[in-house]
Amino acid sequence: MGKTFFDNTVMKKLKNHEPVCGCWSQGSSHVNAEIMAEAGFDLMIIDMEHSQLSLQDTVHIIQTTKGTGCAPFVRTPWNDMVWIKQALDTGAYGIHVPYVSTRKEAEYAVKCCKYAPQGVRGIAGSQRATNFSLSKADYYARANEDVIVMIAIETPEGVGNIREIASVEGVDGIFIGPADLSTSMGYMANPSVPEVRAAIREIEEGTKECGKFLATIASSAKAAKPLYDRGYTMVALLSDTTGLAKLAVDAVDYFKNEIRGC
């Protein structure tokens, strides 16, 4: 209880650009989340943008990370003060804000994540983030510094404004969403085309120039290695939904081809 309730170990690693591994919780299952947290992932992004997760689901999933060393982050449905406030009050260690394209939007996201005078986050001592008031003084003293603000760049406008966005005080890291970025550029979920790859390089360069950490997604740990080699600090290596889907398909294919023989 107390000082250990809000553990900033992973947040410090991100700010120091020390490589960490991430995963996605998208399947509304606190059991799946518990498995991933116990497996040793450094952080878990609880996805409220592209899943059916409710706030109550989010609380249950965050509870599964307690004591494991896995830092719970929440990707909010939108860059919205109410959603960000509620996600932080559940006890999220970091907020992943989708679809940010301008400096003004980035500044708004930061303000939503910070208590006054740096921001406009509402304050209460009864919520889970403060250990239901048992650790509120410690949380209030540390939240503005320790809560991670990670901004997602997913549009050509965001690419063009990357240096303005990444230079905003309070933005800790930039997440590149390759599927959304490529789709918004006219290439449906295809980040391999040269124009998209060039845009990704522009985001990488602008983020590094501003001293912020880089984050993205990969299909596996093996696929993530070249990203870490290029200077990424966090890569999400696994999703509880797509990971299970791949295992299921592989198992059925093996049965059909190697056991049943048809």
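Output the peptides 175-184, 138-147 sorted from most to least packed, where packing is the average of other Cβ atoms within 10 Å over each peptide's residues.
Ranked from most to least packed, the peptides come out as 175-184, 138-147.
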With charges set only on the Cβ (+1 for Lys and Arg, -1 for Asp and Glu), what does the dipole of the chain come to about its Cα centre, in debye to the nearest 20?
400
Compute the Rg to Rh ratio over segment 1-77 from the alpha carbon atoms, using the Kirkwood formula for Rh, and round to two decimal places.
0.96
Give me the number: length gained by fully extending Asn144 to Lys12, i.e. 0.36 nm times residue separation minus the C-alpha to C-alpha distance, one decimal in nm.
46.2 nm
Alpha-carbon spread of segment 118-262, three principal axes, descending order, Å:
64, 41, 27
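Which of the peptides 58-64, 81-87 is most tightly packed, and how do the rest follow, going by the mean number of other Cβ atoms within 10 Å of each residue?
Ranking, from highest mean packing down: 58-64, 81-87.
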Could you check the spin-label model distance between Glu205 and Leu134? Points 7 Å from the Cα along Cα→Cβ, value in nm.
5.2
Once ligands and nucleic acids are excluded and a 1.4 Å probe is used, how much of Arg230 is accessible, expressed in Å² to the nearest 10?
110
Would you list which lysines come within 26 Å of Lys85, measuring only between C-alpha atoms, while excluding same-chain residues fewer than 8 positions from it?
Lys3, Lys12, Lys13, Lys15, Lys66, Lys104, Lys111, Lys114, Lys136, Lys212
GNM result for the chain, Cα springs below 10 Å: residue of Leu43, Leu134, Leu237 fluctuating most strongly:
Leu134
Full-extension gain between Ala251 and His50, please, as 0.36 nm times their residue separation minus the C-alpha to C-alpha distance.
69.7 nm
What do you reckon, how do Leu238, Leu214 stack up by accessible area (1.4 Å probe), largest on top?
Leu238, Leu214
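Over all distinct alpha-carbon pairs, what is the Kirkwood Rh of segment 7-245 in angstrom?
Across segment 7-245, the inverse of the average 1/r is 17.7 Å.
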Under-5 Å amide H pairs with Ala71, H placed in peptide plane, nonlocal only:
Leu43, Met44
Output the peptides 65-73, 49-57 sorted from most to least packed, where packing is the average of other Cβ atoms within 10 Å over each peptide's residues.
65-73, 49-57
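The values are calculated or read from the model by the stated rules, or taken from the named source; none is laboratory data. Bear in mind that the values here come from a model prediction, so they are computed numbers and not experimental data. Quick reminder, even Gly has a Cβ in these numbers, built from the backbone with ideal geometry, and neighbours come from all protein chains shown. Each accessible area value is taken on the protein alone, full model and side chains, heavy atoms only, with ligands, DNA and RNA left out. Shrake-Rupley method; radii C 1.70, N 1.55, O 1.52, S 1.80 Å.
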